[in-house]
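Quick notes on the structure that follows.
No value in this document is a laboratory result; all are computed from the given coordinates. Everything numeric in this text was worked out from a predicted model, so none of it was measured. We place every Cβ from the backbone using ideal geometry, glycine too, and count neighbours over all the protein chains shown.
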Amino acid sequence: MEVGAPRTITYLRVSVTDRCNLRCQYCMPEDQTFFDRSDVLTFEEIRSVATVLVDHGVRKIRLTGGEPLVRRDVHKLVAMLKAIPGEPQVVMTTNGSLLARQAKALKDAGLDRLNLSIDTLRPDRFERISRRPGLPDVLAGVDAARDAGFTGTKINTVVMGGINDDEIPDLLDYAAARDIEQRFIEFMPMASNDHGLAAQRVPLSEIRRRIEAHGPLEPCERGSGPADRFIRKNTGARVGIIAAISLPFCETCNRLRLTAVGTMRSCLFEGGELSVRDLVRSGVGVEQGLVDALEHLRRIKPVVHEGYGYVQMNQVGG
Ligand code: SAM
Ligand code: SF4
């Protein structure tokens, strides 16, 4: 792996748990075993790490997983992170299935925005892709987020050929009707899913062609995010494509990851792992240790990843 220029890290993705109430085929195996609970960072330990990183440039913290909403009282973690001096943005990626019950508590705790993962609007497909029923709960979560006052919500869809790629128009309409930005994601080959699904990867160019079949696109600013963003000329709706394989965004990647068991990672695919759990639990030299870890990890981010992740998405905080 060739190492790139040191990055300025402004974005921390925190996997608050590797557990999930779904078993999406592209994310984890059906018979997944999970981390021992005693190894998982407490809310206070996550706050300790986040406090130092915010003090050293992190401006945005994304709570992800696994499924963040299966972690009990996760809204309390949101409030703890929002109270960190420096006022980071705190956002969340969720499958939405437990959101209807929690949206208001999350909003009250100060959560800034939500990304919802929805691969299909058809209940039978939902069950096939995620190996669990529950699409109505997810759709209720979308409404609950709006009712709780969330704005700037995005929907993320992993596009898989022959599985859900025919739903691109339906998803565009569903999102546009709710003033939500729809984003399509290329399937990424990771440790748990290298059995077959890679063949279903729909590349950036094809995703774009499929969207354009339903109306022309005009490119708009990319920002610091991973998505190629467009405006649909016929509706004015925004749409994004995240193509970590066809068009890696390593050069502008400003993120670090913290896994549920306290491992900091410089890259989703290439690793660069450093466990900070024992450091944080020891309570000794925590700030300097975390600053050293940050300095090391920002210097070993790859020029470009090689396109295969040797860990599972739910463990690394996709
Ligand atoms: N459980 C939450 C959810 O599904 O939104 C958060 C964790 S999940 C790992 C985060 C995101 O990673 C989801 O949008 C999911 O679709 C995406 N994801 C998981 N495995 C993927 C893969 N192999 N390729 C592309 N995206 C993937
Ligand atoms: Fe769970 Fe999200 Fe992985 Fe699906 S993608 S199994 S919802 S963690």
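Relative contact order of the chain: 25 percent, from C-alpha pairs under 8 Å at least 6 residues apart in sequence.
In segment 148-282, the DSSP beta bridges split such that about 60 percent are antiparallel, to the nearest 5.
Of the peptides 140-146, 113-119, the order by per-residue mean of other Cβ atoms within 10 Å, starting with the highest, comes out as 113-119, 140-146. Go ahead and collect, in residue order, the members of segment 259-292 whose backbone nitrogen is under 13 Å from a label point 7 Å along the Cα-Cβ direction of THR42. It comes to 280-283, nothing else. Look at SER130, SER205, SER48, SER38 and count the other Cβ atoms within 10 Å of each Cβ; fewest to most, that gives SER38, SER205, SER48, SER130.
Report summary: the helix-based calculation at 222 nm, which adds -39500 (n - 2.57) for every DSSP H run with n ≥ 4 and divides by the residues of the chain, gives -9000 deg cm²/dmol. Of all DSSP-defined beta bridges confined to segment 11-316, some 35% are antiparallel rather than parallel.
At an R0 of 22 angstrom, the distance between the Cβ atoms of HIS56 and LYS82 translates into a FRET efficiency of 0.75. Cysteine residues of the chain whose C-beta has no other cysteine C-beta under 4.7 angstrom: CYS20, CYS220, CYS250, CYS253, CYS267.
The residues THR153, THR42, when put in order of fewest to most other Cβ atoms within 10 Å, stand as THR42, THR153. In terms of its C-alpha gyration tensor, segment 147-302 has a prolate overall shape, because the principal axis ratio a/c (a ≥ b ≥ c, square roots of the eigenvalues) is not below 1.5 and a/b outweighs b/c.
With a simple spin-label model that places each label point 7 Å from the Cα along the Cα-to-Cβ direction, the separation between ARG178 and SER205 comes to 3.3 nm. Look at where the Cα atoms of segment 42-57 and of segment 204-264 average out, and the two centres are 28 Å apart. Applying 1/(1 + (r/R0)^6) with r as the Cβ-Cβ distance of ILE231 and GLN32 and R0 = 41 angstrom yields a FRET efficiency of 0.55. The ranking of LYS154, LYS301, LYS82 from fewest to most other beta carbons within 10 Å of each one's beta carbon is LYS82, LYS154, LYS301. Other residues lying with their Cβ under 13 Å from the Cβ of GLY110 contribute a combined charge of +2, Lys and Arg counting +1, Asp and Glu -1.
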